[in-house]
1. If you go through the stretch 1-44, how many residues are acidic (D, E), within 29 Å of R132 (Cα to Cα) and more than 17 Å from the chain's Cα centre (by Cα)?
2. Out of the stretch 45-100, which residues are under 21 Å from D130 (Cβ atoms), polar (S, T, N, Q) and surrounded by fewer than 16 Cβ atoms within 10 Å (Cβ to Cβ)?
3. Of all helices (runs of 4 or more DSSP H) completely enclosed by the stretch 52-140, which ones contain at least 3 residues that are aromatic (F, W, Y)?
4. Where residues in the stretch 51-99 are in contact with a helix residue (DSSP H, G or I) (Cβ under 6 Å, 6 or more places away or on another chain) and touching a residue at least 60 places away in the same chain (Cβ under 8 Å), which of them is nearest to I33 (Cα to Cα)?
Amino acid sequence: MPYSVTPVQLDLPTSLKHQCWLHTSRDGHLIGIIAFEGDAPQLNWYDLEYLRRRSDEFSVMAFPEYISALIIDLRNLEARLEADAPIFPWRLTEEDCPIRVLVSAEQRAYYSSVFEPAWLAWDLQATIKDMRDFFDMHYH
C-alpha cells in the first residue's frame, strides 16, 4: 500500500514583483540590486515573506560568486515598511557586507526614522560608485 502525499505550492499570493541586476566592480566584486514594486497601500504577511524570500534567495545565488554588496530598491513600493521588516539577507548582515536601501525623495523622511540613515540612498549610480569606492578602499 503506497503512502499518501499531498501536493503543496511554494508560491505566495502577493501582487508584489521584483527585478534583479548585477554590477561587477573592477576587482570582480558583485553588487546585487533588487528592486521591489507594488501598489498596495499596506503589506500583509505574504508580502513581507515575499520580500524576505527574494532578498535572501538573491544573496545566496552563485553567479558564479556570491554577491558582496546589496542595494534594495524600494522606490516603486507604495507601502511603507516598518523597522522589523525582514528585507536584509542574513548572509550579508552576518558577513558585514555593505547594504543600501534606495528610496525616493517622498519616502526619504519616513525611512530616515525607520532604517539606519547611513544605509539610505536615493541615487542608484551614486550608490554603486560608493560601493565600488568601499571595495577599492578595502582591497587596494
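Bear in mind these aren't lab numbers, they're just calculated from the coordinates by the rules spelled out. For clarity, every value in this text was computed on a predicted model and none was experimentally measured. Quick reminder, even Gly has a Cβ in these numbers, built from the backbone with ideal geometry, and neighbours come from all protein chains shown.
1. Kept after step one, since they are acidic (D, E), are these residues of the stretch 1-44: 11, 27, 37, 39.
Imposing the further condition that a residue be within 29 Å of R132 (Cα to Cα) reduces the set to 27, 37.
Next, from what is left, pick out any that are more than 17 Å from the chain's Cα centre (by Cα): 27.
Number of matching residues: 1.
2. Within the stretch 45-100, just T93 meets the criteria.
3. Numbers: elements: 90-94, 105-112, 124-139.
Hits in the stretch 52-140: 124-139.
4. That would be I71.
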